[in-house]
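Let me begin by presenting the structure, written as structure tokens, before commenting on it.
The values are calculated or read from the model by the stated rules, or taken from the named source; none is laboratory data. Everything numeric here is computed off the predicted structure, so don't read it as measured data. Neighbour counts are summed over all protein chains in view; Cβ atoms, including those assigned to glycine, are modelled from backbone coordinates with ideal geometry. Accessible surface is based on the protein model in full, side chains and every heavy atom, while ligands, DNA and RNA are left aside. Shrake-Rupley method; radii C 1.70, N 1.55, O 1.52, S 1.80 Å.
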Amino acid sequence: KQKTAYEIMPSLVGSEMCIRDRLYIDVAKKKGILSPDVHKIGNPLVVNRGGVAFIILPILTLIVPFMLSSWPSRSLLNESLSIIIATLLGGLVGYCDDNYDLGLFKVILTLLTAVPIIVLQAYYPRPLVPIIGRIRITIVYPLLVLIAMPVVSNAMNMIDVMNGVMATSISTTLIAMLFWALFISDIPAACYISIALGITLGFLVFNKYPAKTFPGNIGSYAAGALLGATVIISRQEYIALIALLPVILNGFLLLSSIRGIMSRNVLQAKKGKAVLVQDGVLYANKKANAPLDLTRLILLFGPLPEKDVIRIYTLLFIESMILSILTGFLIYF
């Protein structure tokens, strides 16, 4: 019964996500919640803030403790509540940034996403390290959670550069995690990961190229918090770390090239855009002081249409996913 539940959960949650996104798109069009798709000819208007569903559906994680036990343990309830509250807090930060442009203050606010995990003690301070095995870092681990949660949330915001890129990076990471959760028969982790994967795939249906909706900051921060909380609670830190290598590289390139942290508007005003668009074709900005991210790095080899850049991103995510699955053999054997 348990196996059947977590095997079909991604499709069930994904279907629910598709329905909610479809409803949101219809409402958002009437309300005028639209943004131009700057990478396409004519800059067509696309529904924005479609990632609002990320803060609605994680409530489904509450079914996990009751599905796994007739009398849910406190730890299972704390894990479910941690995922829900962290995702809601991430979405709240994104919502405020969408409406009021928080600037760098949002980086500080994303620290809040770590609070429910730490307060409810929904973590296991003995992570598995490749080759070495399990290590005990009881004092340090909560500090790592406090750092990791805002890092993942902001990294998802930075990688949200083109149609479907952010959702694809999260999906491939969760697939690698689900593989090992099933392999080692970690049923609670498999359930949490399945729900997060279903939510992400459901959103990807409408966010993939050509996008019918953008996640907005509310979606990217909520999705980042959902992913971060799921990684910590499922205890698959190193699997996720390897799967997210392209996302990490993107953030490292950007931060090192601008030598600090600044909001997107300030960054473009001071250094310009990393990528330029002409007639639907993307070009790397040739200015020496232009910001360097993974997209610009890809385009340094020559201009490409958006669809081809997205394909390269997808291949990078798939390669990292495969590498992370292989890394699991160094962790669990």
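With respect to the conditions (1) at pLDDT below 95; (2) open to solvent by 90 Å² or more (accessible area, probe 1.4 Å), Arg311 lacks only one, and its number is (1).
So, in segment 31-74, of the ones that are closer than 22 Å to Asp186 by Cα and part of a loop (DSSP other than H, G, I, E, B), which residue ends up modelled with the highest pLDDT? So the residue we want is Ser73.
What is the residue count in segment 132-143 for residues that are at negative phi and assigned to a strand (DSSP E or B)? Final tally of qualifying residues: 1.
Can you find even one residue in segment 256-276 that is touching a residue at least 60 places away in the same chain (Cβ under 8 Å), more than 22 Å from Ser220 (Cα to Cα) and not acidic (Asp, Glu)? So far as segment 256-276 goes, no, none of its residues is touching a residue at least 60 places away in the same chain (Cβ under 8 Å), more than 22 Å from Ser220 (Cα to Cα) and not acidic (Asp, Glu). Annotation note: Cβ proximity below 7 Å between a residue of segment 35-50 that is free of Cβ contacts under 8 Å to residues at least 24 places away in the same chain and a residue that is of a type in the set (D, E, K, R) (sequence gap 6+ or interchain) occurs for Asn43/Asp37; Pro44/Asp37.
Beta carbons closer than 9 Å, at least 6 apart along the sequence or on distinct chains, never pair a first residue in segment 172-185 that is without any contact (Cβ under 8 Å) to a residue 40 or more places away in the chain and charged (D, E, K, R) with a second that is in a helix (DSSP H, G or I) and open to solvent by 10 Å² or more (accessible area, probe 1.4 Å). Taken over segment 192-219, the criterion of being open to solvent by less than 10 Å² (accessible area, probe 1.4 Å) and among the aromatic types (Phe, Trp, Tyr) is satisfied by Tyr192, Phe203. For segment 107-135, taking the residues that are touching a Ser or Thr at 6+ places or on another chain (Cβ under 7 Å) and under 30 Å from Arg264 (Cβ atoms), the one that is surrounded by the most Cβ atoms within 10 Å (Cβ to Cβ) is identified as Thr113. Answer yes if at least one residue in segment 184-205 is modelled with pLDDT of 95 or more and aromatic (Phe, Trp, Tyr), and no otherwise. No: zero hits.
The residues listed here are Gly91, Gly103; of these, the one that is in contact (Cβ under 8 Å) with a residue 60 or more places away in the chain, touching a helix residue (DSSP H, G or I) at 6+ places or on another chain (Cβ under 8 Å) and buried (at least 23 other Cβ atoms within 10 Å of the Cβ) is Gly91. Of all residues in segment 255-303, those that are modelled with pLDDT under 90 and in a helix (DSSP H, G or I) total 12.
Condition first: farther than 23 Å from Ile170 by Cα, exposed (fewer than 15 other Cβ atoms within 10 Å of the Cβ), over 24 Å from the mean Cα position of the chain (by Cα) and without any contact (Cβ under 8 Å) to a residue 60 or more places away in the chain. Can you find one or more residues in segment 322-330 that meet it? Scanning segment 322-330, I find no residue that is farther than 23 Å from Ile170 by Cα, exposed (fewer than 15 other Cβ atoms within 10 Å of the Cβ), over 24 Å from the mean Cα position of the chain (by Cα) and without any contact (Cβ under 8 Å) to a residue 60 or more places away in the chain, so the answer is no.
Considering segment 239-266, and only residues there that are within 30 Å of Leu77 (Cβ to Cβ) and buried (at least 19 other Cβ atoms within 10 Å of the Cβ), the residue that is farthest from the chain's Cα centre (by Cα) turns out to be Ile239. Can we say Tyr221 is under 12 Å from the mean Cα position of the chain (by Cα) and touching a residue at least 40 places away in the same chain (Cβ under 8 Å)? Yes; evaluated as a whole, the condition is true for this residue. Every condition in (1) in contact with a strand residue (DSSP E or B) (Cβ under 9 Å, 6 or more places away or on another chain); (2) in a helix (DSSP H, G or I) is met by Gly224 except one, and the failing one is (1). The set of residues in segment 117-131 that are in contact (Cβ under 8 Å) with a residue 40 or more places away in the chain and either in contact with a helix residue (DSSP H, G or I) (Cβ under 6 Å, 6 or more places away or on another chain) or part of a helix (DSSP H, G or I) (or both) comprises Ile117, Leu120, Ala122, Tyr123, Pro127, Leu128, Pro130, Ile131.
In segment 183-203, is there at least one residue being among the aromatic types (Phe, Trp, Tyr) and over 18 Å from the mean Cα position of the chain (by Cα)? Yes, the conditions are met somewhere in segment 183-203. Scanning segment 298-321 for residues that are under 16 Å from His39 (Cα atoms) and in contact (Cβ under 8 Å) with a residue 40 or more places away in the chain turns up Glu306, Lys307, Val309, Ile310, Tyr313.
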